[in-house]
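Written below as structure tokens is the structure these notes are about.
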Amino acid sequence: MFIFLETFFFQVLYLTNSGSEANDLAMFMARICTNNYDIISLRSGYHGSSPYTLGATSISAYKPGVANGSGCHTTMCPDVFRGIWGGSHCRDSPVQTTRTCSCSPDSCEAKDKYIDQLKDTLDTSAAKRIAAFIAEPIMGVGGVIQFPKGFLKDAYQMVRERGGLCIADEVQTGFGRTGSHFWGFQTHDVMPDIVTLAKGIGNGFPMAAVVTTEEIATSFVRALHFNTFGGNPMACAAASAVLDVIEEDGLQDNCRTVGTHLLLELSKLRDKFEIVGDVRGKGLMIGIEMVTDKETQRPLPTEEMNFIWEDCKDHGVLLGKGGLYNNVSCFFFVFFFNLS
Ligand SMILES: Cc1ncc(COP(=O)(O)O)c(C=O)c1O
């Protein structure tokens, strides 16, 4: 595992059974270690459905009307396609939106505006000192949303100025899926304080983890914490075998090669068909946002989306459903198949 973390910055690993459990522990850890309570997440993000993580999850379909999320606050999702701001080169992707902007290559006005929103949330909704900021490097369930370049870097800085820890939820983006890097956070040139892992690590087996620094782990000993099944020998054997396969079969490279090809081909469909509003992603983390028409960007209704998904399935392509409006087709499950 240490080999795959590519750095000795992270030295302590806690094994859990699911992504929700991992995020739960990360949030708890941040609260204990900072002595602060408030946690900030991005709207449209999904971080789990346990009582703790439901506060950070910000998709109403997953939020039943029961008490949840004490101390959790959300800020605007920096979605450069559907959001208020976005331009022609905001994304770290072979495919950009069809929006235009006059930003120079090394600046991004959209990023600055979304950062202002985070500042506003911190100034108005949260306590002066916060426990943590949790975000995925690319939003998965929210519809493969990529933030403007530099957003996470500026957000991390602002969060740290308020005493908070930065949690990278790598449940979907980890293990080479984005192609260029093994971890999604590396694509943003940031170093989180806590990283959570799940899904790909077990390739279907219940296995997840929280990774952090020695300093944070040492401070966390104030809380008694244990997990009966986390790190059981069978799950560890499965995860270890998965890591071997990722390395031996060159799956990260496969994600980059196949993913880039797929993105470029899909962007031709975006240019050709009115109902393909946006194509985005990196590596084999890809989203296709379907709309009634490009001008209004109204989400394609569920019945039509269901028809497309069923038709794709009949042609042998399984697509995941994502997005706030259930109108994003996501290449969720192709990660571990070598398609080259
Ligand atoms: C980004 C992200 N975080 C956390 C979770 C929760 O993981 P689990 O379903 O293993 O509890 C998910 C699940 O889809 C996820 O996509």
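The values are calculated or read from the model by the stated rules, or taken from the named source; none is laboratory data. This structure is a prediction, so every number in the text was calculated from the model and none was measured. We place every Cβ from the backbone using ideal geometry, glycine too, and count neighbours over all the protein chains shown. Side chains are part of the model used for accessible areas, which takes the heavy atoms of the whole protein and leaves out ligands, DNA and RNA. Shrake-Rupley method; radii C 1.70, N 1.55, O 1.52, S 1.80 Å.
Brief remarks follow.
- Among (1) without any contact (Cβ under 8 Å) to a residue 60 or more places away in the chain; (2) in the same structural domain as Gly143 (by TED's automatic domain parsing), the one test that Asn306 misses: (2)
- For Gly55, the requirement of being at pLDDT 95 or above, within 16 Å of Glu170 (Cβ to Cβ) and surrounded by fewer than 24 Cβ atoms within 10 Å (Cβ to Cβ) is not met.
- Of all the residues in region 189-231, those that are under 30 Å from Arg91 (Cα atoms) and touching a strand residue (DSSP E or B) at 6+ places or on another chain (Cβ under 9 Å) number 18.
- For region 100-118, a tally of residues being open to solvent by 50 Å² or more (accessible area, probe 1.4 Å) and in contact with a strand residue (DSSP E or B) (Cβ under 6 Å, 6 or more places away or on another chain) returns 1.
- Residue in region 183-192 that is touching a Cys at 6+ places or on another chain (Cβ under 8 Å), buried (at least 24 other Cβ atoms within 10 Å of the Cβ), under 21 Å from Thr57 (Cα atoms) and assigned by TED's automatic domain parsing to the domain that holds Ala61 present: yes
- Residue list for region 179-210, filter: within 13 Å of the ligand (Cβ to nearest atom) and either part of a loop (DSSP other than H, G, I, E, B) or of a type in the set (Asp, Glu) (or both): Ala198, Gly202, Asn203, Gly204, Phe205, Pro206, Met207
- Yes/no for Ser219 being among the polar types (S, T, N, Q), at pLDDT 95 or above, more than 16 Å from the ligand (Cβ to nearest atom) and part of a loop (DSSP other than H, G, I, E, B): no
- Failed condition for Leu122, given (1) open to solvent by 50 Å² or more (accessible area, probe 1.4 Å); (2) of a type in the set (A, V, I, L, M, F, W, C); (3) not in a loop (DSSP other than H, G, I, E, B): (1)
- Hey, Ala168 touching a residue at least 12 places away in the same chain (Cβ under 8 Å), away from the ligand (no atom under 16 Å from the Cβ) and either closer than 23 Å to Gly48 by Cα or crowded, with 21+ Cβ neighbours inside 10 Å (or both) or not: no
- Within region 13-38, the set of residues being within 11 Å of the ligand (Cβ to nearest atom), farther than 14 Å from Thr57 by Cα and open to solvent by 10 Å² or more (accessible area, probe 1.4 Å) comprises Asn17, Ser18.
- Candidates Ser41, Ser50, filtered to the one that is part of a strand (DSSP E or B), within 16 Å of the ligand (Cβ to nearest atom) and within 28 Å of Leu165 (Cβ to Cβ): Ser41
- Filtered residues of region 141-165 (kept if within 16 Å of the ligand (Cβ to nearest atom) and out of contact with any helix residue (DSSP H, G or I) (no Cβ under 9 Å at 6 or more places or on another chain)): Gly142, Gly143, Val144, Ile145, Gln146
- Some residue of region 61-77 being more than 25 Å from Arg31 (Cβ to Cβ) and at pLDDT 95 or above: no
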